[in-house]
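*Asks:* What follows is a single structure, and I will ask about it in a moment.
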Amino acid sequence: MLIANPTSSRTITKKAIIVGLILVIVNAYWVGIASELWYAVYTLVSPFSNAVFSLAVLLLVNAILKRYAKPLVFTPAELLLTYAMVTMVSTISGHAMMAILMGGLAHPFWFASPENEWTELFLDYIPSWLTVHQTDPLRGYYEGRSSIFLPDHLRAWLVPVLVWSGFILVLYSSLLCIGLILRKQWMEREKLSFPLTQLPIQMAMNNNFFKLKTLWIGFAISAIIRFVNGAHDIFPALPGFPANFRLDRFFTDRPWNAIGYSSMSFNLAIVGLTYFMPLDLAFSTWFFFWLTRAERVTASMIGINIPDLHLNDRATGGWIGIAIIALWGARRHLSEFIGHLVGRFQVDDSREPFSFRTLMLITLLCIGLVFTFCYLAGMSLWAMVVFYLIFLMFALAIGRVRAELGPPYHEVIGINPRQMMVDLFGTRRLGVANLTVISFLYAFNRCNRSHPMPNQVESLRIGERSKIPGFTLILALALAIGVGAFATFWSYLEVMYRYGLDRCHGAIGHFGRETFNPLQNWLQHPREIETGGVVFMGIGLGFVFSLQFLRTHFMWWPLHASGYVLSGASWGGLIYFWFPVMVSWLAKALILKFAGWQMHRKLEPFFLGLVLGDYIPRSILSILSFILNLYMPSSGAGHTL
């Protein structure tokens, strides 16, 4: 049974914040170069492996300091503060956000040609401060064998980097403020469990954690597999364990070939993390994954095209439904919050990092700066309001699902504000300027797997558990976002100018086409309102409400609305990891049925050991791949990890 040490100093020294900022810069570069040079996706699964590894290194350093330099020892609260800061920069760097942004940022001007007509279609709508317009400074960026630190390159990129770094800071800070507004409701009133905070809290606060035998048994199982595969990468003649097993390649005839991508991943970290999810959610995720596959095959049997199922539209409506459910559950808290602001009655906000009035002012300031950026970039007022509201609804939904249920993976591709606005309003109503700007903003919701909102509310939970002073925590997170965004931009620029964007193993070169080819298509072939898509969004919304109603009124109902949105889209959700989720669900169900709750608690360290045994060796192999300049899939390359 895991019991965190409840005692933790509330004192956070400058040393902790300085070390945290150093780790922010190091991880900005590490995650960026690993993602794009070797396609090692560290921000695919939460908690992020690089953040856990950074915490493990600090724990090792702390053990040495306790022996030889006690005044320099980090408290548990300081260790977790640095972990939260590394987590924040990891939501920016890597394959989930910055790769999409950097892949598309200069793409319009480098790839514009008479054939694609981009110059006539939309280049004049891109402000000079938004990206690099001249092709000469971009030659090294795309072809490599150059340096960002040449004067011409620095002059070309300085303003766009500063502008986008500031935008990321205010956009992410606005979500952090929303999280602070909901903190009391989610943590104190609803007492959400925040399952993914279990590992870092136990590592930093439980003095007996690393003495548990069951932990090391789980660690050894995962670590052996990971290191054997690492040896196979270096010496291919040695045997290795398979990362996954493709099922869809056996279904080549109609209607079975409509099943789509189906792969059995053998990732033990997912097995360990899923153990802390509620049984009904774990069941719902893999159940809806296979229900969707069955739906595809059935549609093929009766002659319905897969696009006509509108899987993404239904999932889009489902995610909006989750956000509405979260807001409805917090209605009393939000009413009290607003009543306090207007002076109708007083609410005790002494335990908050800021008073509610100060928090509201900061929130409005951040949102106002986001709108200012969008307005100066060319968006109309109504479009920026709609875009931000949809962005916020997705953020609330993902944050709520993670806080309540803790799924380690929640990628959803094809579900984003840009696509939703095109479906709702049509391209003619949006216009060239709005479509151009929201195409640049596509990076912030392209796949949602390292979304800032869930990681921010989990950081607030970690701060509450470890008694980190609220203002200090918010300051540290804001510094991590601001410094991390700036450091990530320069890390990417350094890597791209050295190796060349078109020569990287990662998918960064693809993201420019994914961002701007649809824009070209929409402008050359304008679309009206997608009536069918809107209808199916409503169906997805209603389905989620129905699932929530059934769970509320029938305790035995096994299907969870969050399980549907995690697995109901055409791509994403549990598409890579349904099998380890199913294995973990089955193991947990059998343990609870035949051994009871006490045994379930005793085995928690074993499953956390599976996570650590996968994360730490993978990080070590990543560092080794840099030293050897060798592509090592065992370090976490691709989506099978």
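*Asks:* Out of Tyr492, Tyr442, which single residue is closer than 21 Å to Ala383 by Cα, of a type outside the set (A, V, I, L, M, F, W, C), open to solvent by less than 40 Å² (accessible area, probe 1.4 Å) and assigned to a helix (DSSP H, G or I)? Give the steps one after another, and end with the answer.
*Replies:* Details: Tyr492 fails: closer than 21 Å to Ala383 by Cα.
Testing whether each residue is closer than 21 Å to Ala383 by Cα, of a type outside the set (A, V, I, L, M, F, W, C), open to solvent by less than 40 Å² (accessible area, probe 1.4 Å) and assigned to a helix (DSSP H, G or I) leaves just Tyr442.
*Asks:* Consider only pairs whose beta carbons are under 6 Å apart and that are at least six residues apart or on different chains; among these, list those whose first residue lies in segment 233-260 and is free of Cβ contacts under 8 Å to residues at least 24 places away in the same chain and whose second residue is β-branched (Val, Ile, Thr).
*Replies:* As it stands, the answer is Asp248/Ile259; Phe251/Ile259, since those pairs meet every condition given.
*Asks:* Residues of segment 405-418 being buried (at least 20 other Cβ atoms within 10 Å of the Cβ) and not basic (Lys, Arg), which ones?
*Replies:* From segment 405-418, those buried (at least 20 other Cβ atoms within 10 Å of the Cβ) are 405-412, 415-418; that's our starting set.
Leu405, Gly406, Pro407, Pro408, Tyr409, His410, Glu411, Val412, Ile415, Asn416, Pro417, listed by residue number.
*Asks:* Does Gly431 count as assigned to a helix (DSSP H, G or I), at positive phi, in contact (Cβ under 8 Å) with a residue 24 or more places away in the chain and touching an Asp or Glu at 6+ places or on another chain (Cβ under 7 Å)?
*Replies:* no
*Asks:* If you check Glu190 against the conditions, is it in contact (Cβ under 8 Å) with a residue 12 or more places away in the chain and under 30 Å from Ser355 (Cβ atoms)?
*Replies:* It is true that Glu190 is in contact (Cβ under 8 Å) with a residue 12 or more places away in the chain and under 30 Å from Ser355 (Cβ atoms).
*Asks:* Here is a follow-up. If the requirement is being under 27 Å from Tyr125 (Cβ atoms) and in a helix (DSSP H, G or I), which of these qualifies: Leu477, Leu519? Full working, then the answer.
*Replies:* Working: Leu477 fails: under 27 Å from Tyr125 (Cβ atoms).
Result: Leu519 is the single residue among Leu477, Leu519 that is under 27 Å from Tyr125 (Cβ atoms) and in a helix (DSSP H, G or I).
*Asks:* Please find, within segment 226-273, the residue that is nearest to Lys588 (Cα to Cα) out of those that are among the aliphatic types (A, V, I, L, M) and in a loop (DSSP other than H, G, I, E, B). Give the derivation first.
*Replies:* Narrowing segment 226-273 to residues among the aliphatic types (A, V, I, L, M): 228, 231, 234, 237-238, 243, 247, 258-259, 264, 268-271, 273.
In the following step, the residues that additionally are in a loop (DSSP other than H, G, I, E, B) were identified as 237-238, 243, 247.
Working: Ala237: 37, Leu238: 34, Ala243: 23, Leu247: 25 Å.
Of everything passing the filter in segment 226-273, Ala243 is nearest to Lys588 (Cα to Cα).
*Asks:* Further question: Considering segment 63-92 alone, what residues qualify as being in a helix (DSSP H, G or I), within 15 Å of Thr13 (Cβ to Cβ) and open to solvent by 10 Å² or more (accessible area, probe 1.4 Å)?
*Replies:* Listed by number, the residues that qualify are Leu65, Lys70, Pro71, Leu72, Pro76.
A quick yes/no check of all residues on (1) within 30 Å of Leu327 (Cα to Cα); (2) surrounded by fewer than 17 Cβ atoms within 10 Å (Cβ to Cβ); (3) not charged (D, E, K, R):
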position	(1), (2), (3)
Ala156	no, no, yes
Phe167	yes, no, yes
Val170	yes, no, yes
Leu176	yes, no, yes
Leu182	yes, no, yes
Met187	yes, no, yes
Glu190	yes, no, no
Ser193	yes, yes, yes
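*Asks:* Within segment 336-348, how many residues are in a helix (DSSP H, G or I) and open to solvent by 60 Å² or more (accessible area, probe 1.4 Å)?
*Replies:* Selection size over segment 336-348: 2.
*Asks:* So Val611 fits all but one of (1) surrounded by fewer than 22 Cβ atoms within 10 Å (Cβ to Cβ); (2) over 30 Å from Gly317 (Cα atoms); what number is the exception?
*Replies:* With (1) surrounded by fewer than 22 Cβ atoms within 10 Å (Cβ to Cβ); (2) over 30 Å from Gly317 (Cα atoms) applied to Val611, the lone miss is (1).
Rundown of residues vs (1) in contact with a helix residue (DSSP H, G or I) (Cβ under 7 Å, 6 or more places away or on another chain); (2) closer than 30 Å to Leu603 by Cβ; (3) part of a loop (DSSP other than H, G, I, E, B); (4) open to solvent by less than 60 Å² (accessible area, probe 1.4 Å), yes/no style:
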residue: Phe276; (1), (2), (3), (4): yes, yes, yes, yes
residue: Glu295; (1), (2), (3), (4): yes, no, no, yes
residue: Ser300; (1), (2), (3), (4): yes, no, no, yes
residue: Gly317; (1), (2), (3), (4): yes, no, no, yes
residue: Leu334; (1), (2), (3), (4): no, no, no, yes
residue: Pro353; (1), (2), (3), (4): yes, no, yes, yes
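*Asks:* For segment 46-61, does any single residue satisfy the condition of being within 25 Å of Tyr497 (Cα to Cα) and either in a helix (DSSP H, G or I) or open to solvent by less than 30 Å² (accessible area, probe 1.4 Å) (or both)?
*Replies:* Here is the first cut: in segment 46-61, the residues within 25 Å of Tyr497 (Cα to Cα) are 50.
Add one more test, that the residue is either in a helix (DSSP H, G or I) or open to solvent by less than 30 Å² (accessible area, probe 1.4 Å) (or both), and what stays is 50.
For segment 46-61, residues within 25 Å of Tyr497 (Cα to Cα) and either in a helix (DSSP H, G or I) or open to solvent by less than 30 Å² (accessible area, probe 1.4 Å) (or both): present.
*Asks:* Among the residues that make up segment 567-588, is at least one of them part of a helix (DSSP H, G or I), modelled with pLDDT under 90 and not β-branched (Val, Ile, Thr)? Steps first, answer last, please.
*Replies:* Residues of segment 567-588 that are part of a helix (DSSP H, G or I), as a first pass: 567, 578-588.
Still in the running and modelled with pLDDT under 90: 567.
Filter once more, keeping what is not β-branched (Val, Ile, Thr): 567.
Yes, segment 567-588 contains at least one residue that is part of a helix (DSSP H, G or I), modelled with pLDDT under 90 and not β-branched (Val, Ile, Thr).
*Asks:* Show me the helices (runs of 4 or more DSSP H) entirely contained within segment 128-218 in which 2 or more residues are under 18 Å from Leu473 (Cβ atoms).
*Replies:* On the way: elements: 139-143, 151-184, 198-205.
The qualifying helices (runs of 4 or more DSSP H) are 151-184, 198-205.
*Asks:* Taking segment 97-117, which residues are buried (at least 21 other Cβ atoms within 10 Å of the Cβ) and part of a helix (DSSP H, G or I)? Spell out the reasoning first.
*Replies:* Keep residues of segment 97-117 that are buried (at least 21 other Cβ atoms within 10 Å of the Cβ), which gives 97-108.
Scanning segment 97-117 gives Met98, Ala99, Ile100, Leu101, Met102, Gly103, Gly104, Leu105, His107, Pro108.
*Asks:* Restricting the search to segment 233-262, which residues are acidic (Asp, Glu) and within 30 Å of Ile302 (Cβ to Cβ)?
*Replies:* Answer for segment 233-262, where residues must be acidic (Asp, Glu) and within 30 Å of Ile302 (Cβ to Cβ): Asp248, Asp253.
*Asks:* Evaluate the following for Phe543: is it within 13 Å of Phe288 (Cα to Cα), open to solvent by 50 Å² or more (accessible area, probe 1.4 Å), at pLDDT 95 or above and among the hydrophobic types (A, V, I, L, M, F, W, C)? Can you show your working first?
*Replies:* Details: within 13 Å of Phe288 (Cα to Cα): yes; open to solvent by 50 Å² or more (accessible area, probe 1.4 Å): yes; at pLDDT 95 or above: yes; among the hydrophobic types (A, V, I, L, M, F, W, C): yes.
Here the answer is yes, as Phe543 does meet what is asked.
The values are calculated or read from the model by the stated rules, or taken from the named source; none is laboratory data. Fair warning: this is a prediction, and the values are worked out from it, not measured in the lab. We place every Cβ from the backbone using ideal geometry, glycine too, and count neighbours over all the protein chains shown. Accessible surface areas use protein heavy atoms only, side chains included; no ligands, DNA or RNA. Shrake-Rupley method; radii C 1.70, N 1.55, O 1.52, S 1.80 Å.
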